[in-house]
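Single-structure report; data block below.
The values are calculated or read from the model by the stated rules, or taken from the named source; none is laboratory data. Computed from a prediction, not measured in an experiment: that's the story for all the values here. Counting neighbours? That spans all protein chains shown, and the Cβs are built from the backbone with ideal geometry, glycine included.
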Amino acid sequence: MVKSALKKLLLASGVLRLGGKLAGGGVAILMYHSVREDPSVDCDVLGGIIHSAPVFRGQMELIARHFKPVSLDDVLDYLRGGKELGTPSVAVTFDDGYADNYLVAKPILDQLGIPAIFYVAVDSIESQTLPWPGQLRHAFLTGRAASWTAADGNVWRLDGRAERLRAFEAASARCAKLCGKAQKTFLDRTREDLRAEPVALKERPMMTWDEVRSLVRGEHLVGSHTMTHPNMAQLSETEARAEFSESKERLSQQLGKPVVHFSYPCPALQPHWADRTVDLSRQLGYETGVTTDGGLVRKGDNSLRLHRIRPTRTVQGIHWNLEYTFMGGIA
Ligand SMILES: [Zn+2]
């Protein structure tokens with residue numbers, strides 16, 4: 001309670017804002033996934049990546065009022081030595097390509113004049129299936145099997161929710177290293193072993209191509225989040241090249257314009273990017289890449305491995321995190 005009251009006081013006093021100015025500015029890139037009117041729906045499948053629409057609206061109103069909303073194109077221009085953005089600037093990003101990004105988040109962003117970038121996992125858009133973490137989580141939480149035997153011979157008991165989630169994490173560490181057909185085979189086999197049904201969400205899972213196209217007709221940008229959502233640092237060079245380039249090509253065809261922005265999928269394993277993936281992304285024509293490493297983006301940063309900030313679940317929480325980050329902290 002005291003902590004929260006103190007934070008409120010500090011935010012209202014403007015002391016943090018002054019500290020941020022002295023620390024030299026920069027851009028905060030926020031990382032969202034899903035925004036739902038009712039976050040409890042489907043949360044078993046998606047886990048902790050859902051924001052409620054009222055909280056998201058409150059956070060966007062805060063950004064529109066207290067910060068300068070900028071696009072990823074603006075961030076790139078800033079890093080290349082173009083125009084100063086004015087402190088403190090905030091860019092809004094979404095990973096994966098959930099249908100709620102279009103149906104719930106976009107109207108709020110448009111109303112407030114905030115440009116965002118939507119990084120889509122191309123295979124998920126085309127097949128209208130969730131990226132693998134949601135599918136795997138669902139299989140572990142709903143399967144009828146009493147235990148699961150991993151490839152290394154370890155047997156995981158599936159008695160309660162906590163045990164199931166621990167087994168899911170072990171399986172995720174394996175699945176994150178796979179892409180394309182190998183990943184699909186792993187998912188199918190694991191679902192079979194667990195005696196689970198495929199995910200049937202209460203709402204349509206992913207955006208359609210029409211919806212993705214309509215994002216770029218407005219103020220928003222679309223970037224690649226790979227084809228099949230692997231951990232890029234764990235793939236062979238051939239696999240990483242295919243994930244980077246196929247997703248870029250498919251998106252460019254669908255949107256009728258070049259795609260230069262990339263987002264590294266959320267890691268079940270660290271690291272989730274490497275110097276060689278950064279080099280490869282540059283060779284293949286990407287100009288920015290965002291990671292899930294925390295912190296601010298500052299002048300001189302490599303545009304192909306940018307930091308982002310995870311938004312908290314409250315409006316005051318994100319206000320604090322942003323001001324604290326602009327002062328040089330890592331929230
Ligand atoms: Zn993702």
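Just to check your reading of the model, which residue among G86, G134 is away from the ligand (no atom under 16 Å from the Cβ), out of contact with any Cys (no Cβ under 9 Å at 6 or more places or on another chain) and not charged (D, E, K, R)? Quick ask: steps written out before the conclusion?
Values: G134 fails: away from the ligand (no atom under 16 Å from the Cβ).
Going through G86, G134 in turn, the sole match is G86.
From (1) among the charged types (D, E, K, R); (2) touching a residue at least 60 places away in the same chain (Cβ under 8 Å); (3) surrounded by fewer than 15 Cβ atoms within 10 Å (Cβ to Cβ); (4) in a loop (DSSP other than H, G, I, E, B), pick out the condition that doesn't hold for E169.
(4)
Taking the residues in segment 228-239 that are within 16 Å of the ligand (Cβ to nearest atom) and surrounded by fewer than 24 Cβ atoms within 10 Å (Cβ to Cβ) as candidates, determine which candidate is nearest to the chain's Cα centre (by Cα). Talk me through it step by step, then tell me what you get.
We begin by selecting, within segment 228-239, every residue within 16 Å of the ligand (Cβ to nearest atom); these are 228-235.
With the extra rule that they be surrounded by fewer than 24 Cβ atoms within 10 Å (Cβ to Cβ), the set shrinks to 233-235.
Numbers: A233: 16, Q234: 18, L235: 19 Å.
The extreme case among them is A233.
Would you confirm whether or not segment 118-130 contains a residue that is charged (D, E, K, R), in the same structural domain as F67 (by TED's automatic domain parsing) and crowded, with 21+ Cβ neighbours inside 10 Å?
Within segment 118-130 (the criterion being charged (D, E, K, R), in the same structural domain as F67 (by TED's automatic domain parsing) and crowded, with 21+ Cβ neighbours inside 10 Å), the answer is yes, since at least one residue qualifies.
Step by step: first the residues of segment 154-166, then only those that are surrounded by 13 or more Cβ atoms within 10 Å (Cβ to Cβ) and in a helix (DSSP H, G or I), then the one that is farthest from the chain's Cα centre (by Cα). Which residue is that?
Start the filter on segment 154-166 by keeping residues that are surrounded by 13 or more Cβ atoms within 10 Å (Cβ to Cβ), which leaves 156, 158, 163-166.
Filter once more, keeping what is in a helix (DSSP H, G or I): 163-166.
On the way: E163: 26, R164: 24, L165: 21, R166: 22 Å.
Among those that are surrounded by 13 or more Cβ atoms within 10 Å (Cβ to Cβ) and in a helix (DSSP H, G or I), it is E163.
Return the residues of segment 48-70 that are surrounded by fewer than 16 Cβ atoms within 10 Å (Cβ to Cβ) and within 15 Å of the ligand (Cβ to nearest atom); say none if nothing qualifies.
G48
Applying the selection to segment 96-131, what residues are more than 15 Å from the ligand (Cβ to nearest atom) and of a type in the set (V, I, T)?
Within segment 96-131, V104, I108, I114 qualify.
One residue is enough: does segment 146-154 have a residue meeting the conditions touching a Lys or Arg at 6+ places or on another chain (Cβ under 6 Å) and outside the structural domain of D42 (by TED's automatic domain parsing)?
Taking every residue of segment 146-154 in turn, at least one turns out to be touching a Lys or Arg at 6+ places or on another chain (Cβ under 6 Å) and outside the structural domain of D42 (by TED's automatic domain parsing).
Working only within segment 102-132, note down all residues that are closer than 19 Å to T292 by Cα and of a type outside the set (A, V, I, L, M, F, W, C).
Once the filter is applied, which keeps residues that are closer than 19 Å to T292 by Cα and of a type outside the set (A, V, I, L, M, F, W, C), segment 102-132 yields Y119, P131.
Listed residues E287, E323; which is acidic (D, E) and surrounded by 21 or more Cβ atoms within 10 Å (Cβ to Cβ)?
That would be E323, the only listed residue that is acidic (D, E) and surrounded by 21 or more Cβ atoms within 10 Å (Cβ to Cβ).
Specify the residue that is surrounded by the most Cβ atoms within 10 Å (Cβ to Cβ); the eligible residues are those in segment 241-280 that are in a helix (DSSP H, G or I), within 16 Å of the ligand (Cβ to nearest atom) and of a type outside the set (D, E).
Narrowing segment 241-280 to residues in a helix (DSSP H, G or I): 241-255, 275-280.
Checking the rest, the ones that are also within 16 Å of the ligand (Cβ to nearest atom) come to 243-244, 247, 251, 277.
Pick out the ones that are also of a type outside the set (D, E) and you get 244, 247, 251, 277.
Values: F244: 24, S247: 24, L251: 24, T277: 26.
For segment 241-280, the residue satisfying everything is T277.
For G81, all conditions in the list (1) under 16 Å from the mean Cα position of the chain (by Cα); (2) away from the ligand (no atom under 16 Å from the Cβ) hold save one; what is the number of the exception?
Only one criterion is unmet by G81, namely (1).
Name the single residue, out of those in segment 131-153 being more than 17 Å from A268 (Cα to Cα) and touching a strand residue (DSSP E or B) at 6+ places or on another chain (Cβ under 9 Å), that is surrounded by the most Cβ atoms within 10 Å (Cβ to Cβ).
W148
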